[in-house]
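Below is one structure, written out as C-alpha coordinates, with a few remarks after it.
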Amino acid sequence: MTLATLNRILSKIRTLEPDEIDLLERTLHEQREASSYGYSVEEWRVQKALVEAGLMEKITPRCTESVLEFTPVPIIGKPLSETIIEERR
(Lines give C-alpha, C1' and ligand atoms only; values in the text may rest on other atoms or scores of the structure.)
Protein backbone atom coordinates (compact mmCIF):
# COMPACT_ATOMS: atom_id res chain seq x y z
CA MET A 1 0.00 0.00 0.00
CA THR A 2 1.37 3.37 -0.90
CA LEU A 3 1.71 6.18 1.60
CA ALA A 4 -0.82 8.25 -0.36
CA THR A 5 -3.41 5.45 -0.14
CA LEU A 6 -2.80 5.04 3.57
CA ASN A 7 -3.19 8.79 4.13
CA ARG A 8 -6.51 8.76 2.19
CA ILE A 9 -7.77 5.90 4.35
CA LEU A 10 -6.72 7.65 7.55
CA SER A 11 -8.42 10.88 6.51
CA LYS A 12 -11.64 8.95 5.79
CA ILE A 13 -11.41 7.26 9.20
CA ARG A 14 -11.27 10.66 10.88
CA THR A 15 -14.71 11.50 9.43
CA LEU A 16 -16.44 8.37 10.79
CA GLU A 17 -19.23 8.48 13.34
CA PRO A 18 -18.68 6.69 16.70
CA ASP A 19 -20.81 3.69 15.71
CA GLU A 20 -18.91 3.39 12.42
CA ILE A 21 -15.62 3.50 14.33
CA ASP A 22 -16.87 0.69 16.58
CA LEU A 23 -17.73 -1.40 13.54
CA LEU A 24 -14.32 -0.68 12.01
CA GLU A 25 -12.56 -1.70 15.23
CA ARG A 26 -14.52 -4.98 15.42
CA THR A 27 -13.78 -5.71 11.76
CA LEU A 28 -10.06 -5.01 12.15
CA HIS A 29 -9.91 -7.10 15.33
CA GLU A 30 -11.61 -10.02 13.56
CA GLN A 31 -9.24 -9.70 10.59
CA ARG A 32 -6.19 -9.64 12.87
CA GLU A 33 -7.45 -12.59 14.91
CA ALA A 34 -8.27 -14.69 11.82
CA SER A 35 -4.96 -14.01 10.10
CA SER A 36 -3.00 -14.80 13.27
CA TYR A 37 -4.44 -18.33 13.07
CA GLY A 38 -3.93 -18.56 9.31
CA TYR A 39 -7.61 -18.29 8.33
CA SER A 40 -9.56 -15.92 6.12
CA VAL A 41 -12.28 -13.93 7.87
CA GLU A 42 -14.98 -16.19 6.39
CA GLU A 43 -13.18 -19.34 7.58
CA TRP A 44 -12.68 -17.74 10.99
CA ARG A 45 -16.40 -17.02 11.31
CA VAL A 46 -17.21 -20.66 10.51
CA GLN A 47 -14.66 -21.84 13.09
CA LYS A 48 -16.16 -19.52 15.73
CA ALA A 49 -19.69 -20.72 14.92
CA LEU A 50 -18.57 -24.34 15.34
CA VAL A 51 -17.06 -23.53 18.75
CA GLU A 52 -20.17 -21.61 19.83
CA ALA A 53 -22.38 -24.53 18.73
CA GLY A 54 -20.29 -26.90 20.82
CA LEU A 55 -19.06 -28.87 17.82
CA MET A 56 -15.45 -27.89 18.45
CA GLU A 57 -13.67 -27.22 21.73
CA LYS A 58 -11.36 -24.50 20.44
CA ILE A 59 -9.95 -22.99 17.29
CA THR A 60 -6.49 -24.23 16.45
CA PRO A 61 -4.03 -22.58 14.07
CA ARG A 62 -4.13 -23.77 10.49
CA CYS A 63 -1.63 -26.55 9.85
CA THR A 64 1.14 -25.19 7.64
CA GLU A 65 2.99 -28.47 7.24
CA SER A 66 2.13 -30.72 4.35
CA VAL A 67 0.11 -33.70 5.47
CA LEU A 68 1.56 -35.70 2.60
CA GLU A 69 5.09 -35.65 3.95
CA PHE A 70 5.67 -39.27 4.95
CA THR A 71 8.04 -42.13 4.25
CA PRO A 72 6.34 -45.10 2.60
CA VAL A 73 6.92 -48.47 4.23
CA PRO A 74 8.40 -50.96 1.77
CA ILE A 75 6.56 -54.26 1.51
CA ILE A 76 7.60 -57.55 -0.01
CA GLY A 77 5.35 -59.22 -2.55
CA LYS A 78 2.47 -57.89 -4.57
CA PRO A 79 1.09 -54.39 -3.95
CA LEU A 80 -1.12 -53.99 -0.91
CA SER A 81 -3.93 -52.58 -3.04
CA GLU A 82 -4.12 -55.85 -4.97
CA THR A 83 -4.31 -57.84 -1.74
CA ILE A 84 -7.16 -55.65 -0.48
CA ILE A 85 -9.11 -56.05 -3.71
CA GLU A 86 -8.69 -59.84 -3.63
CA GLU A 87 -9.86 -60.04 -0.02
CA ARG A 88 -13.00 -58.06 -0.82
CA ARG A 89 -14.08 -60.56 -3.45
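Structure notes:
- Looking across the range 57-87 at every residue that is at pLDDT below 90 and of a type in the set (Ser, Thr, Tyr), the one that is surrounded by the most Cβ atoms within 10 Å (Cβ to Cβ) is identified as 83.
- Of all residues in the range 1-41 being of a type in the set (Gly, Ala, Ser) and closer than 30 Å to residue 58 by Cβ, the one that is surrounded by the most Cβ atoms within 10 Å (Cβ to Cβ): 34
- The residues of the range 42-56 that are surrounded by 10 or more Cβ atoms within 10 Å (Cβ to Cβ) and not basic (Lys, Arg), listed by number, are 43, 44, 46, 47, 49, 50, 51, 56.
- Residue match in the range 19-36 (condition: assigned to a loop (DSSP other than H, G, I, E, B) and free of Cβ contacts under 8 Å to residues at least 60 places away in the same chain): no
The values are calculated or read from the model by the stated rules, or taken from the named source; none is laboratory data. Since the structure is predicted, the reported quantities are computational estimates derived from the model, not experimental observations. Note that each Cβ is placed from the backbone with ideal geometry, even for glycine, and that neighbours are counted across all protein chains shown.
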